[in-house]
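Down below is the structure, laid out as structure tokens.
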Amino acid sequence: MIIFEGDELVVHYHQGNTDYVLVTFEGAHETKNATKTFFGAPVVRKLGITCVGVTAKVDHWYISPDTLEVQKHILNITEKFSNTVIIGISMGAYAALSWSKILNADTVFSMAPKWSLDPEECPVHEYYLTHNFRENMKGMGIRKDQVQGRLFVAYDPLDEGDWEQSQLLSEKIPEINIVNTYYSGHVVAHSLSGSNLFGEIIAALAHGSNQDVYAAIAKSRRFNENNLNARLTRASDRHAGLVAKTLMSCSVMRLQRKQKIFQNEALMGHVLYNLLISNRAEEATKLYETATEIAVFGDIEKDKKTSVSEERFLVLSQHGYVLCYNAREKTFCGRNVIITDREGLDVYAVRINADLVLAVNINMVETYFSFREGKIKFTRALDDDHLIRIMPARQDDEAYRYYAVRTEAGYMCSHPDHRITLNALNLSDWECFTLLPSIARSVPEKFQDIPDVSTPSQEKENLSESSFSPDQNSPSFWQRWRHRLK
């Protein structure tokens with residue numbers, strides 16, 4: 001429930017059954033939800049934690065004409081408890097630290113705070129000066145005399161801006177305990193999500209030692225799909241085989257929210273491409289099939305039978321996109337590898353005798369491409385001199401891992417923004433493609449011998465004897481149905 005609503009700040013309250021009180025501060029870009037919910041609401045409701053949730057209608061780092069009134073409402077509740085834990089994220093992380101002494105905090109967990117947005121105190125990105133900083137925020141840098149309690153501050157060291165802020169904050173307030181959350185990005189909480197595991201972090205903050213807090217954070221991150229997603233994406237280019245084995249492992253298959261990992265198009269595209277150019281087509285095909293099932297349905301089908309074609313291939317670009325053709329625009333383009341995000345027909349490399357030619361299926365008719373007078377055209381003639389072929393890109397590539405398409409205008413080139421052009425002068429990485437064998441699924445055995453039950457056998461006999469009888473006096477199909485409906 002809301003216990004205070006000002007022009008800029010809102011205070012929510014949830015009555016739980018804990019012997020401590022939690023105070024949370026929401027991050028930026030959540031102003032539209034300021035009166036609807038607060039940071040940590042699902043967790044505290046599920047676990048019965050007494051909590052005061054502070055939210056903001058404006059993104060000005062909780063420096064507001066409402067600030068004093070909000071602090072009074074918080075203290076009216078927290079003074080009834082002997083243990084106060086404060087948690088804040090991003091913009092709210094600043095308030096969690098800078099209000100900690102006023103709120104008589106025992107423990108603070110601040111996720112990726114800015115020390116200051118005042119350009120006279122430290123370097124600040126232009127975005128913050130334009131959208132967030134205002135006159136009453138001058139001199140807002142967190143001072144040592146503003147903080148109290150055990151101070152845990154989490155940052156991703158790989159986020160350059162946050163890393164700089166962590167160094168600045170450590171210099172100003174040496175008492176803080178920096179918690180490195182690699183690969184979490186700025187929104188650290190996304191790598192700690194999960195009500196029960198995040199509840200363990202809160203419990204450790206309330207009653208545990210420093211080591212208990214570190215252990216709870218590490219455990220939460222170990223089983224978090226966002227953290228795993230980021231780590232696998234980072235390793236997908238250099239260690240594609242290891243990433244593929246991890247994705248297909250029993251540990252990942254047991255994850256309840258694994259679907260989000262397999263919907264990571266950048267991860268899947270790069271892993272598949274790098275497996276294929278490493279001459280590991282079988283692994284790539286299995287991963288592609290598994291990733292598609294999980295991304296679409298959430299899990300894999302057991303006891304399925306599939307076959308891999310050696311005559312028909314999807315064409316994958318260096319950016320991890322599948323080659324397709326936009327018939328409306330009459331251009332080639334690249335789509336996401338798992339769930340298509342483009343209007344277009346998948347383009348296949350089809351083996352015709354000793355050649356591979358580009359083709360699409362139009363109403364189940366295999367149609368080929370030709371390139372004449374600077375235009376892409378359809379053709380059915382395999383002897384067309386302008387047929388678009390895909391050929392090995394490098395003479396020394398005995399494993400046929402890299403392929404290229406060359407027209408009279410130049411090489412086909414895949415761009416990071418999904419565009420495909422046909423006029424590249426040189427053959428380089430963006431002009432190289434690889435081939436992913438297409439998959440065909442057979443009908444499961446349990447469905448193969450099911451009898452046709454659409455028409456009862458006796459009725460079939462009657463139909464065979466009378467429905468097609470030349471006797472003109474026999475009732476027609478529609479006459480019989482009219483009789484039934486009377």
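Values computed for the structure shown
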item: Number of the condition not met by Gly48 [criteria: (1) touching a Ser or Thr at 6+ places or on another chain (Cβ under 6 Å); (2) free of Cβ contacts under 8 Å to residues at least 60 places away in the same chain]; result: (1)
item: Qualifying residue in the stretch 30-39 (condition: in the same structural domain as Ser191 (by TED's automatic domain parsing) and at positive phi); result: no
item: Residue within the stretch 290-301 that is touching a Ser or Thr at 6+ places or on another chain (Cβ under 8 Å), within 18 Å of His415 (Cβ to Cβ) and aliphatic (A, V, I, L, M) present; result: no
item: Count - residues of the stretch 419-433 that are more than 27 Å from the chain's Cα centre (by Cα) and either part of a strand (DSSP E or B) or over 18 Å from Lys375 (Cα atoms) (or both); result: 8
item: When residues of the stretch 104-160 are limited to those that are in contact with a Phe, Trp or Tyr (Cβ under 8 Å, 6 or more places away or on another chain) and hydroxyl-bearing (Ser, Thr, Tyr), the one farthest from Ala204 (Cα to Cα); result: Tyr155
item: Members of the stretch 178-201 that are of a type in the set (Ser, Thr, Tyr) and more than 15 Å from Phe223 (Cβ to Cβ); result: Tyr182
item: Where Ser317 falls short, out of the listed (1) under 18 Å from Ile439 (Cα atoms); (2) surrounded by 14 or more Cβ atoms within 10 Å (Cβ to Cβ); result: (1)
item: Which numbered condition Ala204 misses (of (1) in the same structural domain as Val124 (by TED's automatic domain parsing); (2) modelled with pLDDT of 90 or more; (3) surrounded by fewer than 20 Cβ atoms within 10 Å (Cβ to Cβ)); result: (3)
item: Residues (assigned to a helix (DSSP H, G or I), within 17 Å of Ser90 (Cβ to Cβ) and of a type in the set (S, T, N, Q)) located in the stretch 185-220; result: Ser191
item: Checklist (1) small (Gly, Ala, Ser); (2) in a helix (DSSP H, G or I); (3) surrounded by fewer than 19 Cβ atoms within 10 Å (Cβ to Cβ) applied to Gly139, failing item; result: (2)
item: Within the stretch 233-276, considering residues that are without any contact (Cβ under 8 Å) to a residue 24 or more places away in the chain, closer than 17 Å to His319 by Cα and surrounded by 14 or more Cβ atoms within 10 Å (Cβ to Cβ), the one farthest from the chain's Cα centre (by Cα); result: His239
item: Among (1) in contact (Cβ under 8 Å) with a residue 60 or more places away in the chain; (2) farther than 28 Å from Ser191 by Cα, the one test that Phe25 misses; result: (2)
item: Residue that is surrounded by the fewest Cβ atoms within 10 Å (Cβ to Cβ), among those in the stretch 35-56 that are over 18 Å from Tyr20 (Cα atoms) and touching a strand residue (DSSP E or B) at 6+ places or on another chain (Cβ under 7 Å); result: Thr35
item: The stretch 79-94, subset of a type outside the set (S, T, N, Q) and touching a helix residue (DSSP H, G or I) at 6+ places or on another chain (Cβ under 9 Å), residue nearest to His186 (Cα to Cα); result: Ile89
item: Condition met for Asp118 (assigned to a loop (DSSP other than H, G, I, E, B) and either among the acidic types (Asp, Glu) or touching a helix residue (DSSP H, G or I) at 6+ places or on another chain (Cβ under 7 Å) (or both)); result: yes
item: Near pairs, Cβ below 9 angstrom, 6+ apart or cross-chain, from the stretch 58-69 (surrounded by fewer than 16 Cβ atoms within 10 Å (Cβ to Cβ)) to any residue that is part of a helix (DSSP H, G or I); result: Pro65/Asn136
item: Subset tally (residues that are in contact with a Phe, Trp or Tyr (Cβ under 8 Å, 6 or more places away or on another chain), in a helix (DSSP H, G or I) and surrounded by 15 or more Cβ atoms within 10 Å (Cβ to Cβ)) for the stretch 161-182; result: 6
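Conditions tested, residue by residue: (1) charged (D, E, K, R); (2) modelled with pLDDT under 95.
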{"residue": "Pro113", "(1), (2)": "no, no"}
{"residue": "Asp118", "(1), (2)": "yes, no"}
{"residue": "Pro123", "(1), (2)": "no, yes"}
{"residue": "Tyr127", "(1), (2)": "no, yes"}
{"residue": "Asn132", "(1), (2)": "no, no"}
{"residue": "Gly139", "(1), (2)": "no, no"}
{"residue": "Ile142", "(1), (2)": "no, no"}
{"residue": "Val147", "(1), (2)": "no, no"}
{"residue": "Arg150", "(1), (2)": "yes, no"}
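Table: residues versus (1) within 25 Å of Leu272 (Cβ to Cβ); (2) aliphatic (A, V, I, L, M); (3) surrounded by fewer than 14 Cβ atoms within 10 Å (Cβ to Cβ).
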| position | (1), (2), (3) |
| --- | --- |
| Thr331 | yes, no, no |
| Val347 | yes, yes, no |
| Asp385 | no, no, yes |
| Ile390 | yes, yes, no |
| Glu408 | no, no, yes |
| Ser414 | yes, no, no |
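Condition check ((1) among the small types (Gly, Ala, Ser); (2) closer than 15 Å to Ile173 by Cα; (3) in contact with a Pro (Cβ under 8 Å, 6 or more places away or on another chain); (4) surrounded by fewer than 23 Cβ atoms within 10 Å (Cβ to Cβ)) across all residues:
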site	(1), (2), (3), (4)
Thr84	no, no, no, no
Ser90	yes, no, yes, no
Ala96	yes, yes, yes, no
Val108	no, yes, no, no
Tyr128	no, no, no, yes
Glu135	no, no, no, yes
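The values are calculated or read from the model by the stated rules, or taken from the named source; none is laboratory data. As the structure is a computational prediction, the values presented were derived from the model and not from experiment. In this analysis, Cβ positions are derived from the backbone assuming ideal geometry, glycine residues included, and neighbour counts consider all displayed protein chains.
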